[in-house]
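Accompanying notes for the structure given below.
The values are calculated or read from the model by the stated rules, or taken from the named source; none is laboratory data. The shown structure was predicted, so the numbers you read here are calculated from the model rather than taken from an experiment. Every residue, glycine as well, gets a Cβ built from its backbone with ideal geometry; the counts of neighbours run over all protein chains shown. Note: areas computed on protein heavy atoms with side chains; ligands, DNA, RNA excluded. Shrake-Rupley method; radii C 1.70, N 1.55, O 1.52, S 1.80 Å.
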Amino acid sequence: MVLDFLDKANTFMSIYKETDNYKNLREEDQKFFKSLFVLLLIYGDLTMSNKELAERIKKEEEKNGIKVEKPQSISTIEKRISRLKKTKLITGYEEKEILNGRWTTVKRHLKLDPVLFGFSIINDQERRLMLARIEAANKETQQLHPELMKLSKKPEEPPPEVGYKVEVIFN
């Protein structure tokens with residue numbers, strides 16, 4: 001089931017591709033988020049180092065037919081994640097330790113932003129993926145048929161008939 005969703009990553013793009021948060025990113029950051037989105041969608045919460053994340057994204061890109069010479073550098077990963085956090089597409093925090101006299105990120109905890117992606121707060125993987133698929137279908141339908149948005153208004157109720165009187169008596 002998971003591989004089926006990885007193959008259909010483009011289906012889920014409709015969830016975020018029209019948001020200003022995504023549109024305002026650089027093209028390279030958009031590609032990075034596309035790969036990261038699928039991982040966060042499937043696993044809910046990623047906990048790994050920058051190096052592990054770079055390796056994982058390289059593998060995902062290779063699975064999708066993109067030839068990658070080497071994984072992105074750790075500093076590039078750090079900068080891209082920082083930009084994604086600023087645009088509020090993802091949230092998370094880092095665990096840092098002093099290695100060789102410098103603070104170094106040893107683990108990174110990332111999640112999709114729960115405000116922008118409401119389904120991301122669901123812990124059950126199958127249910128989260130199902131709701132994401134429904135969200136993607138809804139957004140796709142809205143883009144293909146904008147006239148449906150006008151139908152969402154409630155019809156006006158007719159005025160109440162004259163002659164009825166309601167009386168409430170308390171004892």
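The table that follows gives values for the structure above.
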{"quantity": "Search result, residues across segment 11-31 that are aliphatic (A, V, I, L, M) and open to solvent by 10 Å² or more (accessible area, probe 1.4 Å)", "calculated": "M13, L25"}
{"quantity": "Which numbered condition K34 misses (of (1) among the charged types (D, E, K, R); (2) under 18 Å from R83 (Cα atoms); (3) surrounded by fewer than 16 Cβ atoms within 10 Å (Cβ to Cβ))", "calculated": "(3)"}
{"quantity": "So I98, is it of a type in the set (A, V, I, L, M, F, W, C) and either in contact with an Asp or Glu (Cβ under 6 Å, 6 or more places away or on another chain) or at pLDDT below 85 (or both)", "calculated": "no"}
{"quantity": "Qualifying residue in segment 99-120 (condition: farther than 22 Å from Y22 by Cβ and among the acidic types (D, E))", "calculated": "no"}
{"quantity": "Those helices (runs of 4 or more DSSP H) lying entirely in segment 16-101 with at least 2 residues among the aromatic types (F, W, Y) and closer than 21 Å to P114 by Cα", "calculated": "27-43"}
{"quantity": "Qualifying residue in segment 117-127 (condition: in contact with a Lys or Arg (Cβ under 6 Å, 6 or more places away or on another chain), more than 21 Å from Y43 (Cα to Cα), of a type outside the set (G, A, S) and outside any loop (DSSP other than H, G, I, E, B))", "calculated": "no"}
{"quantity": "Of residues in segment 84-121 being free of Cβ contacts under 8 Å to residues at least 24 places away in the same chain, in contact with a helix residue (DSSP H, G or I) (Cβ under 9 Å, 6 or more places away or on another chain) and among the hydrophobic types (A, V, I, L, M, F, W, C), the one most open to solvent (accessible area, probe 1.4 Å)", "calculated": "I121"}
{"quantity": "Segment 22-65, residues that are touching a residue at least 24 places away in the same chain (Cβ under 8 Å) and small (G, A, S)", "calculated": "S35, G44, S49"}
